[in-house]
1. Assigned to a helix (DSSP H, G or I) and outside the structural domain of B:Asp99 (by TED's automatic domain parsing): does that describe B:Ala413?
2. Which members of segment B:439-482 meet the condition of being part of a loop (DSSP other than H, G, I, E, B) and either assigned by TED's automatic domain parsing to the domain that holds B:Gly262 or among the charged types (D, E, K, R) (or both)?
3. Please indicate, with yes or no, whether at least one residue in segment B:108-125 is touching a Leu at 6+ places or on another chain (Cβ under 8 Å), surrounded by fewer than 18 Cβ atoms within 10 Å (Cβ to Cβ) and either assigned by TED's automatic domain parsing to the domain that holds B:Asp55 or in a strand (DSSP E or B) (or both).
4. Tell me, please, whether a residue that is within 26 Å of B:Val251 (Cα to Cα) and either part of a loop (DSSP other than H, G, I, E, B) or of a type in the set (Val, Ile, Thr) (or both) can be found in segment A:64-81.
5. So, of the residues in segment B:326-348 that are under 25 Å from A:Gly35 (Cα atoms) and in contact (Cβ under 8 Å) with a residue 60 or more places away in the chain, which turns out to be farthest from the other protein chains (Cβ to nearest Cβ)?
6. Can you tell me which residues in segment A:104-120 are within 12 Å of the chain's Cα centre (by Cα) and of a type in the set (Ser, Thr, Tyr)?
7. Kindly indicate whether any position in segment B:235-258 is in a helix (DSSP H, G or I) and of a type outside the set (Gly, Ala, Ser).
Amino acid sequence: MATFQLTVNGQRREVNVDPSTPLLWVLREDLKMTGTKFGCGISACGACTVHVDGVATRSCIVPISHIGDRPVITIEGIGNDAVGRAVQDAWVDQDVVQCGYCQSGQIMSACALLKSTSRPTDQNIEESMGGNLCRCGTYPRIRAAIKSAAAQINKGGA
Amino acid sequence: MNLNRRGFLRVSFAATGGLVVALYLDPTSRAQETAMPRQPAKVYPPDAFVNIRPDGKIAIQVNRLEFGQGVQTALPMVLADEMDADWKNVIGELAPAQDVYKDPLFGIQIVGGSGSIAHSYQQYRELGAKTRAMLVAAAADRWKTTPDKCRTEASVVHGPNGQSATYAELASEAARKPVPATVRLKNPSEFKLVGKRVKRLDSRPKCDGSLKFGLDLDLPGMKVAVVAHPPVFGARVKNVNDAEARRVDGVRDVFEIPLAKGTGVAVVADKYWPAKQARKLLNIEWDFSAVDRADSTELWTKYKQLAQTPGNVALARGDESALDKVAAANRIVAEYEFPFLAHSPMEPLNTTVRFDGDRAEVWAGSQFQTVDQMAVAEVLGLKPEQVIFHTEMAGGGFGRRAVTDSHVQREAAVIAKRLKGTPVKLVWSREDDVQGGYYRPMHFHRVEIAVGTDGFPSAWRHVIVGQSLLAGTPFESMLVKNGVDETATEGTADTLYNITNMHVSVHHPKVNVPVLWWRSVGHTHNAFVMETLIDELAARAKMDAIAYRRKLLKPEPRSRCRHLICSTNRPRAGAIVCQRDTHSEFRVMSLSEPVSLVQSTCRSKTSDQRSTARRSQLIVGSQ
């Protein structure tokens, strides 16, 4: 066991866990933030995606000891910025979700994409979102929502 | 109040302390109208379908699991529409396991057979209309007028002289009104929600991380368990050395447990990660002496051999020798292999149980509440009604959360029994799920087709090899006839294609791999086989694939009609035809206005598309 200091969604948090514990399980079980989902545990499905220092990261394979002082943003905090809010609104507006279990990860990947590429093409979307699986098959609506969020962000901010 | 009446009303206090109105309908009353066995009438515990809260919120209990199909929105839409409830104040809640929430047609609480809307549409309409009638009766009393002089809109009753009262204000008076035996339902043209584009109720909480799935459950003092399952189905633990596993920080207990088949080792820890780490450190010696080791290569060889000979007859139409009389040049022989297939719902399987001696509580994203509740009760030595069974939101299922042996719930109950008083969440990790069986069965199809001079099949011989899903389950007597499991042949033996000489047979080998229905069941393999062959035949005849199918379909208007509905309903599946099957049979048996509506408007392509859109919106809740 070891103590780790984390910044999650702008708040300083402290946890006492085994250093091998993946960030995912620290978020879910120690910090009780269950919006980040456990899907496969081997970085194959994308349900656990969070931002570590702004980069979309699969939290299920990153040990807590590797996070250091890099800030972590999760689905619970992504709505605090303009891009995150626009993406969440677009998701609701386009009625993207079905079972919804993968959607936290989808939204986190979409936000990372839109923060680096303000007008993503279909190819950009496929490349950035390809690692996020959806068993309900909501992909066409995810694509539409990303485009609609991009339009909203570009109209409002840029 | 006469409890033998079709419905009754209850006034009780909600958890929030507010007065609620609860309206019940006896779901078994609909069973009379079907071939399903009628359940004895029971007095239900204090739960309900509709709660009108003092703040105007209207909570509607959904008698099904929500796992992506949209029923948590769609059934409240149906009820709220008849009730004239203000949609923006409607909440859909997943109902616990209870008799009152059983599927009116199946007689158990289940999501299956595509019946969520078809079986409960009429039920929820009547619930809504009766609730509305009672509210109107209460308002009419208050204003010394008659119900026919009142109207309702957006959770408000309006009187003839400008009076108005909200549903929340009228709730307790309405609760004392008799439940009307019959009630006028809206004409579909009066619908405000059904058939309209309505957004899902669960979108926002699924987009901001606030919605809790079963796996997200956190209870005070809760422990997390994982189980080491045998590497061969049904094997037993011979020896286990758990010394290293027990040294992992946070591990509380390690013990052997019985499984649905064989035995395993449970690891209980404070959290998931230490449980999983500890499981890896178990040193288990397994006893394989009593189990068959299934081998894929051997199975394929065996299946292929079996397919060369006819099996149990599922369909025998016309002349069986017709095929053999046709020259080889005019015959097609095709063989198909379908491997075992895991459902892999996005949310790994899980169940939480707390056992308190004379009662237990269960939290599970279950498609099969009645069966799972009984299984937990049996393990714990309780009656089903002593097991409070909460339906948790689930991340997909595809059939994997409706398992006749309730193996996940049984494991969870066995572990909870040992940890009496402590809630335990059992997690089946992704690898547990993929390695754990309950797959869509492996199938081999061999099809021989004689092609006539007109390019259409003159004879069709079809042999299917695959394990029976239902042999050995409570469904066997219903759906396995003369050695034929209908779930293996649906889509072939009952094809709507007009093939004069057609013979379908099936072999059901016994294999030591647990199998389970996989969404759309037989059609997942049969539709692929049938439709790729029809494509091949159309190409051979140099005909358009749709035109070829239209010509080959049986002439009855209904089959063509359903063909059109289904093919336009699944735009991405191209020309795939949804065959007549148990699902559509149930739909026709049960009600169903939407189906007759669709069928009666199915005359032109344009009206097809309109009616199809309406139906899919009703089913999904929105597009």
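1. Details: assigned to a helix (DSSP H, G or I): yes; outside the structural domain of B:Asp99 (by TED's automatic domain parsing): yes.
Here the answer is yes, as B:Ala413 does meet what is asked.
2. B:Asp454
3. No, every residue in segment B:108-125 fails to be touching a Leu at 6+ places or on another chain (Cβ under 8 Å), surrounded by fewer than 18 Cβ atoms within 10 Å (Cβ to Cβ) and either assigned by TED's automatic domain parsing to the domain that holds B:Asp55 or in a strand (DSSP E or B) (or both).
4. As a first pass, look at segment A:64-81 and keep what is within 26 Å of B:Val251 (Cα to Cα): A:64-67.
Now restrict to residues that are either part of a loop (DSSP other than H, G, I, E, B) or of a type in the set (Val, Ile, Thr) (or both): A:64, A:67.
Taking every residue of segment A:64-81 in turn, at least one turns out to be within 26 Å of B:Val251 (Cα to Cα) and either part of a loop (DSSP other than H, G, I, E, B) or of a type in the set (Val, Ile, Thr) (or both).
5. If we take residues in segment B:326-348 being under 25 Å from A:Gly35 (Cα atoms) and in contact (Cβ under 8 Å) with a residue 60 or more places away in the chain, then B:His343 is farthest from the other protein chains (Cβ to nearest Cβ).
6. A:Ser104, A:Ser109, listed by residue number.
7. Yes, because at least one residue in segment B:235-258 is in a helix (DSSP H, G or I) and of a type outside the set (Gly, Ala, Ser).
Every residue, every condition in (1) modelled with pLDDT under 95; (2) under 30 Å from B:Thr495 (Cα atoms), yes or no:
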| position | (1), (2) |
| --- | --- |
| B:Glu256 | no, no |
| B:Val267 | no, no |
| B:Arg279 | no, no |
| B:Arg293 | yes, no |
| B:Thr301 | no, yes |
| B:Gln305 | no, yes |
| B:Thr309 | no, yes |
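The values are calculated or read from the model by the stated rules, or taken from the named source; none is laboratory data. As the structure is a prediction and not an experimental result, all values here were calculated from the model. Note: ideal-geometry Cβ built from the backbone for every residue, glycine included; neighbour counts use all protein chains shown.
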